[in-house]
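Here is the structure we will look at.
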Amino acid sequence: DFVEMFVGVGASRVRDLFSQAKESAPCIIFLDEIDAVGRKRGAGMGGGNDEREQTLNAILVEMDGFDTSENIIVIAATNRPDVLDPALLRPGRFDREIIIDLPDVAGREKILEVHAREVKLAEGVDLSSVARGTPGFSGAELEALVNEAAILAAMRDHAFVHRSDLEEARDKVRFGRQKKSRVMDLEDKKITAYHEAGHALVNVLLENTEPVHKVTIIPRGMALGATMMLPEKDRMHMSKKQLLDELAVLYGGRVAEDLFCDDITSGASNDIQRATQLARLMVTEWGMSDALGPIRLSERTGSDFLGNDFAVGRDHSEETQHKVDEEVAAILDAAHQRARNIIENGREEMERIAQALLKYETIEGEEVNSLVDGVPPEDLRPPKPESVPPPLPSPQEGEEPESKNEASSGHDVPPAGEEGLSPA
């Protein structure tokens, strides 16, 4: 914490820090969230900006005063390297960058092993399987997963953390907590069921999509329902075919509302927002537009004068922007029509998925595939046969059989002389 309400405190603390480091050498100085004081310098919009720049200048001056005999290493961390002042990254200062990516499968397994030391795992729990089912999770999310699993196990009176606890915790960390207390009437349930069935059906019938993990009409987070897709592996690239299929899946919910509920609702707002953002990235960032070709078009550019805090203008003309808007609209219209064709040709499959959701509220990915293959909702979860109690053992040779009164269960023999019964 360098910058305070008093002018000059930040620079003074920087000088004190480096002075203590020189007295304690060899040592390491670690500056977390360096972007708080290391943002690009500019004219600024107030006195607070001047104080931050004074602190940054003090850091630059102190780092310039090092030589190879100081035995002091300065390390800084940030998740916004794009806003750092170029002077910080010049040789002699922070000239070596180390990028910490999200952990891969092996890394996730090691992280889970560290956090699982604090909990009792049930026999048969395979952390490598849990690691494969958590692509894209950060270390903090994996820690939260283990903690949530332990809480769920305690709430369920489990002596150990079972695999089911870990799976439910994973869904909670990734998709949000279930809100079973939020009561929906039958009409809202019907709309949500068909909306999620539309997502699920389009996802199952398209080739370049992630497999469906679970579909639910129980509210989670801010959503009334969810169709959860779980990647089978860490994805390093997104192909154009995958992106176009994902756009069609996003529009599956809106199309299902239109075809089966005779009206559309605001429930698809997040789907439309994500689809629009994805299509615009395809056109302006990833060069996937047939009309504009492989070109990058920045929507906004920063100003060095304003320290990159404000964005102004574009780096292309109004005519080009008009073409961008037309191309984005064309991609979205094609995805919407594609989803509509799939759902219109799969009305029976849609009905089965929606009715199963209304009946069970939550269905697994394998059950969705079974419904698409023709299994009726009532046969999706056949009742388990009732277990027949084993026969009573026959009396062994030489043993007296139990008396009739002793053999009768659930009824006590009334004492002699009770009304309506003769004495024994």
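Go through Lys179/Lys241; Lys214/Lys240; Lys179/Lys323 and tell me which ones have a Cα-Cα distance over 32 Å in this structure.
On the way: Lys179/Lys241 35 Å; Lys214/Lys240 25 Å; Lys179/Lys323 44 Å.
Where the Cα-Cα span goes over 32 Å, the pairs concerned are Lys179/Lys241; Lys179/Lys323.
How far is it, in nm, from the label point at Asp315 to the one at Ala159 when both lie 7 Å from their Cα along the line to the Cβ?
Each label point is offset 7 Å from its Cα along the Cβ direction, giving 6.4 nm.
Between Phe30 and Val183, what is the label-point separation in nm under the 7 Å Cα-to-beta-carbon projection?
5.1 nm
Evaluate E = 1/(1 + (r/R0)^6) for Leu281 and Arg90, where r is the Cβ-Cβ distance and R0 equals 35 Å; express this FRET efficiency to the nearest 0.05. Before the final figure, lay out each step's value.
On the way: r = 32 Å, r/R0 = 0.92.
The computed FRET efficiency comes out at 0.65.
Give the order of Ser129, Ser370 when sorted by the count of other beta carbons within 10 angstrom, beginning with the fewest. Could the numbers behind the result be given before it?
Numbers: Ser129 13, Ser370 18.
In order of increasing Cβ crowding within 10 Å: Ser129, Ser370.
Evaluate the distance, in nm, between pseudo-label points positioned 7 Å from the Cα of Met238 and of Asp126 along their respective Cα→Cβ axes.
Placing both labels 7 Å along Cα→Cβ, they lie 3.1 nm apart.
Just to confirm my numbers, what's the Cα centroid distance between the stretch 184-260 and the stretch 266-290 in Å?
16 Å
Sorting check: for 211-220, 318-327, which peptide has the highest mean count of neighbouring beta carbons within 10 Å, and how do the rest follow?
Working: 211-220: 21.4, 318-327: 13.7.
Per-residue mean Cβ counts within 10 Å order the peptides as 211-220, 318-327.
Treating cross-link reach as a plain straight distance, find the lysines whose alpha-carbon is under 30 Å from the alpha-carbon of Lys22, omitting any fewer than eight places away in the same chain.
The reachable lysines, counting only those whose Cα sits under 30 Å from Lys22, are Lys40.
Quick one: if the Förster radius is 25 Å, what FRET efficiency do Ala106 and Ile75 give, using the C-beta to C-beta distance and rounding to 0.05? Present the calculation step by step, with values, prior to reporting the outcome.
On the way: r = 25 Å, r/R0 = 1.00.
Once the sixth-power term is evaluated, E becomes 0.50.
Mind listing which GluC sites (Glu not before Pro) in the stretch 169-215 are in a DSSP loop and have 16 or fewer other Cβ atoms within 10 Å? Display every interim value, and only then the final one.
Details: sites: Glu187, Glu196, Glu207; in loops: Glu207.
Answer by residue number: Glu207.
All of the numbers you see were taken from the coordinates with simple rules; none came from a lab. The structure presented is a predicted model; accordingly, all values stated were derived computationally and were not measured. Ideal geometry is used to build each Cβ from the backbone, glycine not excepted, and the neighbour counts take in all protein chains shown.
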